[in-house]
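Structure first, commentary second.
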Amino acid sequence: MGKATDQKSNAGNGFSFKKMLPLLVIAIAIAAFFLLGLDDYLTFQALSDNRDQLIDFVSANFLLAALLYMGLYIAVVAFSLPGGLLMTVTGGFLFGWFAAGFMTVFAATVGATLLFLIAATSLGEPLRKKAGTTLKKLEDGFAENALSYLLFLRLVPVFPFWLVNIAPAFLGVKLSTYIVGTFIGIIPGTFVFAYLGGGLDSIIREQQASYQSCLDSGQTDCVLDFQITSLVTTEILFSFCALGVIALLPIVLKKFRKSSK
């Protein structure tokens with residue numbers, strides 16, 4: 001009787017092993033990613049070391065390389081793994097900013113949508129049932145201007161990408177709105193960093209030359225110290241913030257009209 005009651009209670013709360021299984025798979029994948037040292041392959045050092053091989057492979061197998069790039073990008077986003085910025089810049093370096101921009105926007109949208117669906121089905125509905133009126137008020141406010149809020153979160157790089165992927169799932173955002181907001185919202189940033197990737201080869205050559213000079217001088221602490229995040233300048237951040245403010249204008253105008261009536 002006790003077990004049957006517990007099972008009914010869990011079912012009533014909306015939590016079940018079947019629903020939680022996708023989240024468990026993601027957790028295992030993230031743990032395996034770091035335990036196996038795969039994060040070492042998503043670094044500037046790895047890109048620099050394999051520069052020639054990557055260029056040759058893309059030149060000889062452009063379509064296959066593009067499919068592999070998009071598949072890997074989808075996995076990185078869906079499993080919330082680090083390295084998205086490096087991959088975007090690398091895509092611009094290997095495929096050209098225009099092609100890389102479109103491939104990355106598509107792959108990132110697919111990956112984010114998969115994570116959204118997992119979060120919505122595993123935790124979103126059960127949490128909304130348990131949270132009661134508090135979350136309901138927040139959900140109603142977000143849902144009224146979901147697209148504008150989502151565009152703002154996508155355009156302004158304040159919150160982690162993975163957090164913006166799952167938060168709307170807890171607030172009852174429609175799948176169609178989420179996909180449109182994600183696709184449009186990531187276009188500016190994606191194309192900017194894909195474009196910056198077009199100049200990455202000169203940075204790699206410069207860093208390799210400095211590294212080799214360090215080794216030739218007999219030093220033992222030589223490293224390739226370039227950080228991809230250094231490409232994120234104040235001007236770029238300001239531009240994204242300005243776009244984010246524009247995305248919120250419909251909400252401001254709506255509130256202004258209500259207050260003026």
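The values are calculated or read from the model by the stated rules, or taken from the named source; none is laboratory data. Bear in mind the structure is a predicted one, so any value in this text is a computation, not a measurement. Cβ sites come from the backbone with ideal geometry, for glycine too, and all protein chains shown count toward neighbours.
In a residue-by-residue description of the stretch 182-201, the property of being exposed (fewer than 11 other Cβ atoms within 10 Å of the Cβ), at pLDDT 75 or above, closer than 26 Å to Asp52 by Cβ and not hydrophobic (A, V, I, L, M, F, W, C) applies to no position. Number of residues in the stretch 15-69 that are closer than 26 Å to Ala100 by Cα and outside any helix (DSSP H, G or I) equals 4. Within the stretch 202-221, being assigned to a helix (DSSP H, G or I), among the small types (Gly, Ala, Ser) and loosely packed, with under 13 Cβ neighbours inside 10 Å holds for Ser202, Ala209, Ser213.
Taken over the stretch 30-83, the criterion of being free of Cβ contacts under 8 Å to residues at least 12 places away in the same chain and hydroxyl-bearing (Ser, Thr, Tyr) is satisfied by Tyr41, Ser59. If the requirement is being closer than 18 Å to Gly197 by Cβ, touching a residue at least 24 places away in the same chain (Cβ under 8 Å), buried (at least 16 other Cβ atoms within 10 Å of the Cβ) and of a type in the set (S, T, N, Q), which of these qualifies: Thr90, Thr109? Result of the check over Thr90, Thr109: Thr90.
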